[in-house]
Each structure stands twice: as C-alpha cells, then as structure tokens.
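Have a look at the structure below, then the notes.
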Amino acid sequence: MLEAEEFPVSADGSQANPWHWYEYEVGLASEIARACVRSLTSFLIGLGCAFALIMCMGLLAEEDLLDDRGLEKAVDHLSRMSLGVLLAFVLVVCAAGAVASFLRESTTSRAIVNAAARGASRHAVPSPDQVRSVTGKPAEALAFFGWANATLAGPLGVIGLIVVLAEGDDAESALIFSLITGYAVIMAFVGYASSHLLTPAHERRHARVAAHWTSNDEEQAWKPVEQARRDSAGKKTTPRPSIAKRCLYGAAGLWLVGVLALQMSVLTRCAGGKYECKKTTYSSPIEALIAGGVWIFAVLISAGMLLAVIGVLFDWRQRRSERAELRTRLADPASDRPAEDLLAYHSQRQTHPLARVGATLSGAGLVFSTSSYLVGNGLGLGSEDVFAAYRTESLAAMVVSVGVFAAALLGTGIVGVRGRELRNALMRRWPSPTSWSTDSDGKVQRAKRGPALHKASGQR
C-alpha cells in the first residue's frame, strides 16, 4: 500500500517542516467499534423519524381522520405498540453506543501506544482525532448512561417497592419493582466503574504516548495548520450549497409543509370540539383542499423521502469525484492547495452517504416490522386478527432491516480503512485546520484546536 510519505510534495516548499499528522492503524476491534458508533448514530436518527411517524399515525387514528373505523383501530394499536418498541430500541442502542464509544477510545489509545513501542517516527504525530481518543475520558458516555439510568430507575423502583409492601401481598408487582431497583443498582455501579476503574489505565497509556511524542513534536506538527488557518482567515467566502444539499433542504421543506397540512386538516375537521373531535364539512374548494390534508401529508412525505434519496445519491457522486480530484492533485508536485472545505472534509473520517441512509432506514423499518409482528402474535392491545395475516411479511422485514444495518456497519468500516491512505496523504502535504463542532458541554476539546498530549488530561 502507498504510504503518505511516498506522495510528492508541492513545489511551494510548504513541507520543509518534516513534522506532520499521521493516522496510525488501530486494528480490527477499534475499527468495528468506530463503525458501530457511526452506524448507531444514524440508527438513532431512524428511530427519531419513526417517532415522528408514530405521532402522525396516532393523530390520524385518534381524530378519526381515516374514514374507516377498523383501519383507525388497527393503526392506533400499531402506533401504541411501536412507541413501546421504539423506547426499548432507544435504550439498547444507547447502551451499545456507550460501550462502543469506550472500546473505540481504549483500543485507539492501545494502538498508539503499540506504535510508539515499535519506534514510530516522532515526525509522524498522531492525528487530532487519535490524540482526542488518547487524551479524552474513554468511558464518559458509559458513565453518563449508567448514572442516567440509575437516576431514572432508582426512585421509581424504591418508591414502587415501598408502596407495594405497604399495601400487602402483590407478589408480582413486588418482583417487578425489585427488578427495577436491582437494575438501578447495576447502572449505578456501571457509572461508578466507568469513572473510577476504567479511566486510570487510559491515563497511563496517555502518559506513555506523551513520553514518545514531545511537546515540541506536537507543536511543530501544528505549525503548518496554524499557518493555513491564518492564510485562509481573510479568504473565507460563503460556498453555494451543492445539488445534494439543495435536495435535502427541499426534502425538509416538503416534510414541513406535509406536517402543516396534516395539522390544518385536524384543525378544520375538528372545528368546534373542545375535548373531542366534531367533524365539520366544507363546500368551498379551498376548504375542501385543506380538509384533504391527510392525502397532502402522505404525498409530500413520500416526495420528500424520494428527494432525500436523490440528494444522497448526488452527494455520493460528488464526494467520489472530489476524492478522484484530490488524488490527481497529490500526484502533481506543482498543484495548488485545494479549497479548505474540501481538505477539511476528506482529511477526516466520514460515514459513506449510502451507509448513513441504510442505517437510518433500518432503524425506522425495525421499529414498525417488530411492532407489527408482536401485535400479530397477540401481544398488543388488539387487532391481532388484522396483523396475524402479515406475520411472515413482518418477520421478513425485520430480517431485511437487520441485514441493511449490518451492511451499513460493514460498509462504514471498509470506507474508514480504505480512506486512511488518502487522509494521511492530505495531512502530510496540505494539513487543514480541524472543523469539529463543540461537545455537549459547549466546549471544544483541546485536541481539536491545538497540541493536547502534554496538557492536563482532565482539562478541555
């Protein structure tokens, strides 16, 4: 494989400084964990889309807007089951994401330690993304997940157990609240262990990495980046949105108009009812159009989904063209520096657009297929006779959704590994200022804005 150092440098002398960023190989476990974090993030977006659809379905059924009592009843039962299934998936995905995040940080730091032990060049300083993994808190997400669950489940379990024991001999309720209390205790231990038992080993690895790459090494690697930041400060222009972004903006607009049309339909058909829906008919063509907001909603949501898929395909084509252009420029020693937004995007790991869409669709698909299967097996509030006929189809949809997520996960991992060569070449020849957003606390980690290996590990 062609290494970063084999790419010719430009004729402008910008690479006289031998220090540069370098993304080291991190191993299979770390790549899987990293792909899991990215794929699960897209999966959560799919769950959010499913939640929006569940709310719309519930609104249609609750306000009798489907003009078919049997259909409204079936939709209502499916939406109620879907909401419970969605909450269960959110809990599982958050737990898996927290574990994957910890594994990503810990395995990355181990890989950097191993690279230093093998005598990695001090001129090849770990990339800011890898420095962030080394200097950050590895189990921060896991600790938050544990303490958040303990805080929510603990009071519920204790109060419920006290009430049950005070009222008498309800053994089943006592068992349920005992399990909730036990779950809260386990989650509290997870939160404590994440902060006090898992962090010290990570800090020792941080010290070993800092002992290999000195503060001067890191500062020298950042010098070309700071120069590029100063050079581009006065050249910032607002880029025109690409065709892909325009499609996505258009899709968002269609979805918004569709939801507004549905809301208008509810308001017009239920006019005059304070606590319940009192249907009202209209003779005016305009009012009839408003009253038909259900169909407008269905059409616009479908059109928005189609436009979003078209936008993703355009984005895929655009990024592939950009990578080809960058490789051509890297092969030319006299080529000029590409645009900063282009360098910033392709110098960092990115999720493939199709993998992002696949993981998102799998989240929504898994919620509704699982709910339909459970209702068809008689585990819902009713309508099992309606959904029983579709149990095979529901099971097939579940399998397809899982397969699509697995494909998205695999594709994300493959794209990350295959793109390492290009990222190293870009960071070697045209280092670009990092463009990450702030963390959840509103601060930017030190590794994202300057040298960080030799700063206090607990500081940001």
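Read the figures in this text as sums done on the coordinates, not as results from a lab. Note that this is a predicted model, so its numbers are computed, not measured. Counting neighbours? That spans all protein chains shown, and the Cβs are built from the backbone with ideal geometry, glycine included.
Observations, loosely collected:
- Using a Förster distance of 25 Å, the FRET efficiency for residue 197-residue 151 (Cβ separation, nearest 0.05): 0.80
- Separation of the residue 414 and residue 395 label points, Cα + 7 Å toward Cβ, nm: 3.0
- A simple spin-label model places the labels of residue 341 and residue 175 6.0 nm from each other, with each point 7 Å out along Cα-to-Cβ.
- Residues whose amide H comes within less than 5 Å of that of residue 22, counting only those at least five positions distant or on another chain, are 125, 127 (H built at 1.01 Å from N in the peptide plane).
- Inter-probe distance in nm under a simple model that places probes 7 Å from Cα toward Cβ, at residue 310 and residue 242: 1.7
- Look at 321, 79, 347 and count the other Cβ atoms within 10 Å of each Cβ; fewest to most, that gives 321, 79, 347.
- Karplus-derived 3J(HN,Hα) values for region 141-155, using 6.51 cos²θ - 1.76 cosθ + 1.60 with θ = phi - 60°, are 5, 5, 5, 4, 4, x, 5, 5, 5, 5, 5, 7, 7, x, x Hz; glycine and proline are entered as x.
- With a Förster radius of 25 Å applied to the C-beta separation of residue 332 and residue 216, the computed FRET efficiency comes to 0.20.
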